[in-house]
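The values are calculated or read from the model by the stated rules, or taken from the named source; none is laboratory data. What you are looking at is a predicted structure, and each value in this text was computed from that prediction instead of being measured. Backbone-built Cβ (ideal geometry, glycine too); neighbour counts: all protein chains shown. Heavy atoms of the whole protein, side chains included, go into the accessibility calculation; ligands, DNA and RNA do not. Shrake-Rupley method; radii C 1.70, N 1.55, O 1.52, S 1.80 Å.
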Amino acid sequence: MGAALAYGGVRLLAVDGSAYYVVAGFVAIVSGVLLALRHMNGVWLFSALSLGTLVWSLAEVGLEGWGLIPRLDWLIVPGLVLLAGYRFAVRELVGMRRTGYIAATAVPSLLSLAAILVPLLNPAAVMLAESSEPFPRPATPFSRGTVDAPDGNIAANHDASSWTAYAGSNLSNHYSPASQITPANVGQLKKAWEFHTGDLPPPGLKTKQYLNENSPLKIGDSVYVCTPTQQVIALDAASGKEKWRFNPRADAKTLNTGGAYCRGVAYYAVPNGVGECATRILWGVTGGRLAAIDAETGKSCSGFGQGGFVDLTKGMGKFTPGYFGTTSAPVVIRGKVIIGQMVRDGQDRRAPSGVVRAYDVVTGKFAWAWDLGRPGVTTEPGPGEEYTPGTPNVWAPISADDQLGLVYLPTGNAAGDFWGGTRTALEEEFTSSLVAVEAATGRVVWHFRTVNHDLWDFDIGPQPNLVDWPVGDGVRPAVIQATKSGQIFVLDRENGKPLMPVVQMPAPKGAEAGDFTAPTQPISPGMPMTVGAPGYIAERLTERDAWGLSPFDQLACRIEFKSNRYQGMWTPPSLSGSIQYPGSHGGLNWGGVSVDLQRGIMVMNTNRLPYIGRLVSREEIDAKGSRSLNQGGPDKRMMPQVGLPVGAVKSPWLSALQQPCIAPPWGHLTGVDLRTRQVIWRRPFGTGYDSGPMGLKTHMKLPTGTPSDGGPLTTAGGVTIIGATLDQFMRGFDTATGRMLWEERLPAGAQAAPISYVHNGKQYVVAVVGGHQRLGTKLGDSVIAWTLP
């Protein structure tokens, strides 16, 4: 062990790192040699090394149990072994006395063990609130959960009996007005029914992106579920029995290339409609189609487009199947169905367009397009033309205000996510932005950019939340926009002006030749950040934060930290490698946040996972034969960014044992009081039960926290229900205090936000439980409902 530490320590010193490992390594070698020679000074030297390491460890990380593990475990184990063999050792070691031997081995080992266990058993990372005031709070300014819809659009709002759009309604708050389930009884939830969709990866499907991310709808007595291959199934809301199913026959080649996923569908009731498709379900189908079917029968709407489908490849030009597709549910407002699309990252500067389009919700006739490269032009391209290639796309869930007639579009990056030297002025202005457009015309009303000259893939993943916000003379209709970059912005949803202050902070300089960095980046200092544990101060990593399960993988992570560029948030990508924190998966991603409109509490599940990114020269890309999707690729090891001077590689910063290179927690669940904007509770979210070193399951509920995908559900009853983590559990929490009150083992991963509704007098919680190949959770095909006895 000493030899390994000394070797690694020399490498760490070479990159200006800590000298401890060199010193400890050589002391361990000398101690081992003396022990081999049966000299008692080997024991005393080992004891001094153990005590010195304990002092050094406490100086580096204090009483932080996870952080102490790799610093002390390599000495605790041999110390206890030596202690157990004291009779043999005292007999063999020249001049060694029993009392001295026991003291030399027991004291440092037991002190070190206590230093680890005491904070682990009393974790400072768990911060729960005391419910010091009655709930619900009277007359809170966030309680308006409905808006007026001039056309009576059902998706504008929802009551306790329904769930009318992906996140509850077009207001997108993942909140249910149902109140039967409370902190007092949530622990009594029992499974009411379980349905199996039968949609599992078929033989021959090569995609590694089989993703169950669907949040169902509930209207009337039906629950509408969408599966990874975009099949839509109607279930009885009380029993879970199948009523009908529709299989759009998604293109198999596109599923292999682009992945299998469906986050949600949309619902529309034709005013005074009767007969075929008076009520209808609409969604995007892999391969480039917008589908509409009768919500009562599951049959295609023959009057919509061509036989129930609109061709979304029209105007897109020629691109490889899977290069673009629909990952999120469309939105229905003012008689239009509005749909964005995902465009694969890092492939080609001339990628498919990020255009957002609207169609007549009854006929499927084209209504308008927001095509960034044609400002002010909302028509389809003419013959021989196409939508502007490479523009920022809208892959995340979108929201809408039926009263204002506005749709809120969270954008991503222009093609070439990690190199911005060739972006147009419009691309610079609208990348990683929230854009408000008129639902009737597609005209841009306002936009707000959350990242300047984005070089980090910080496209906006979380769905905008539409709430009321208190201002000096009353309330204003607001939009809360959480971001992958760790900021949470609050904007007036009529005009886009900040309702919470936004300032520009200086950002690191030094992009690679041909590119540039923005001199400042926007932050919202009055709202909690999600760079690290949610709070007002962004976590900034140091060499001391590098972590592992042993000193050896920790040492390797320390060497990586010192070998890569890191200047805090906004460290630009580099050819030598840069640490990105928050990582590309974000502080928050597409699961978004939930707002309890009665209590004014925002609940969010966040990630604490740095990434390492590196720009790759064109010569290296060509030498490795990496190609874009349109050229027969891509090479999975890198993003070729064809047409740009450099490509890129990115991945979570993991140790050789496939654990994050920073100490747990790696994910949090947090409650924020929107009246005061204070974090009122925060706790590690998820355990290592179904994950561990080298992918081995620990089957222990160690509160490591995990990265998570999917979001929370809050209810008027004061409970938060969420799955989302890498372990297979659904959990219930007291929204006011953060205390966990219910936990149930699941048959697969739960990377989809649950919904809730009241039916026949009973409140149900329903979730798709099918796993997520990209996150590595167990696959399945369950839809599960829980209710009170």
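Loop-resident trypsin sites (Lys or Arg not before Pro) (DSSP state other than H, G, I, E or B) in the stretch 176-230 with no more than 13 further Cβ atoms inside 10 Å of their Cβ: 206, 208. Separation of the alpha carbons by more than 24 angstrom is noted, of 218/314; 509/650; 191/697; 253/314; 208/299, for 218/314; 191/697; 208/299. Residue by residue, the stretch 59-73 carries 3J(HN,Hα) couplings of 5, 6, 10, x, 7, 10, x, 4, x, 7, 3, x, 7, 10, 5 Hz when phi is fed to the Karplus relation 6.51 cos²θ - 1.76 cosθ + 1.60 (θ = phi - 60°); x denotes Gly or Pro. Per residue, the solvent-accessible area of the chain (1.4 Å probe, heavy atoms of protein chains only, all protein chains present) comes to 35 Å². Compared with the rule-of-thumb size 2.2 N^0.38 Å for a compact globular protein, the stretch 157-197 has a Cα radius of gyration ratio of 1.42.
If you take every DSSP beta bridge whose two residues both sit in the chain, what share of them, in percent to the nearest 5, is antiparallel? Antiparallel bridges: around 95 percent, rounded to the nearest 5.
In order along the stretch 503-513, the Karplus-derived 3J(HN,Hα) couplings, from 6.51 cos²θ - 1.76 cosθ + 1.60 at θ = phi - 60°, round to 10, 9, 9, x, 10, x, 9, x, 6, 5, 3 Hz, and Gly and Pro are given as x. Between residue 296 and residue 110, the modelled label-to-label distance comes to 7.8 nm, taking each label 7 Å out from Cα in the direction of the beta carbon. Accessible area of the chain with a 1.4 Å probe: how many percent of it is carbon plus sulfur? Within the chain, the accessible surface is 58 percent carbon and sulfur. For the stretch 520-589, applying the loop criterion from DSSP together with a ceiling of 14 other beta carbons within 10 Å to the trypsin sites (Lys or Arg not before Pro) yields 540. For the pair residue 200 and residue 51 in one chain, pulling the backbone fully straight at 0.36 nm per residue adds 48.2 nm over the alpha carbon distance. Backbone amide hydrogens, once placed in the peptide plane, bring residue 243 within less than 5 Å of 234, 235, 236, excluding anything fewer than 5 places away on its chain.
The convex hull around the C-alpha trace of the stretch 660-749, projected and averaged over every direction, spans 6.5 square nanometres.
Listed by chain and number, the aspartates and glutamates placed with their C-alpha closer than 17 angstrom to that of residue 762 are 159, 194, 221, 236; residues fewer than eight positions away on the same chain are left out.
Normalised by the residues of the stretch 608-704, what does the relative contact order come to in percent, with Cα pairs under 8 Å and at least six apart? Relative CO of the stretch 608-704 lands at 22 percent. Relative contact order of the chain: 13 percent, from C-alpha pairs under 8 Å at least 6 residues apart in sequence. Note on residue 313: accessible area is roughly 50 Å² with a 1.4 Å probe, heavy atoms of protein only. Here the relative contact order of the stretch 73-204, from alpha carbon pairs under 8 Å that lie six or more residues apart, stands at 12 percent. For residue 272, neighbours were defined as the other residues whose beta-carbon sits under 15 Å from its Cβ, and their charges (Lys and Arg +1, Asp and Glu -1) total -1. Put the Cα centre of the stretch 416-479 next to the Cα centre of the stretch 672-727 and the gap is 28 Å. Loop-resident trypsin sites (Lys or Arg not before Pro) (DSSP state other than H, G, I, E or B) in the stretch 254-300 with no more than 13 further Cβ atoms inside 10 Å of their Cβ: 299.
Cβ-Cβ distance of residue 14 and residue 778, R₀ of 60 Å, FRET efficiency by 1/(1 + (r/R0)^6): the value works out to about 0.90. Let me know the longest stretch in the chain that avoids all chymotrypsin sites (Phe, Trp or Tyr not before Pro) found in a DSSP loop with at most 15 other C-beta atoms within 10 Å. Between exposed loop sites, the widest span is 1-515. Between residue 503 and residue 422, full extension at 0.36 nm per residue minus the direct alpha carbon distance yields a gain of 26.5 nm.
Considering the stretch 491-580 at the alpha-carbon level, its Rg and Dmax are found to be 16.8, 55 Å. The phi-based Karplus calculation (6.51 cos²θ - 1.76 cosθ + 1.60; θ = phi - 60°) puts the 3J(HN,Hα) values of the stretch 475-481 at 10, 10, x, 10, 10, 9, 10 Hz, whole numbers, x for Gly and Pro.
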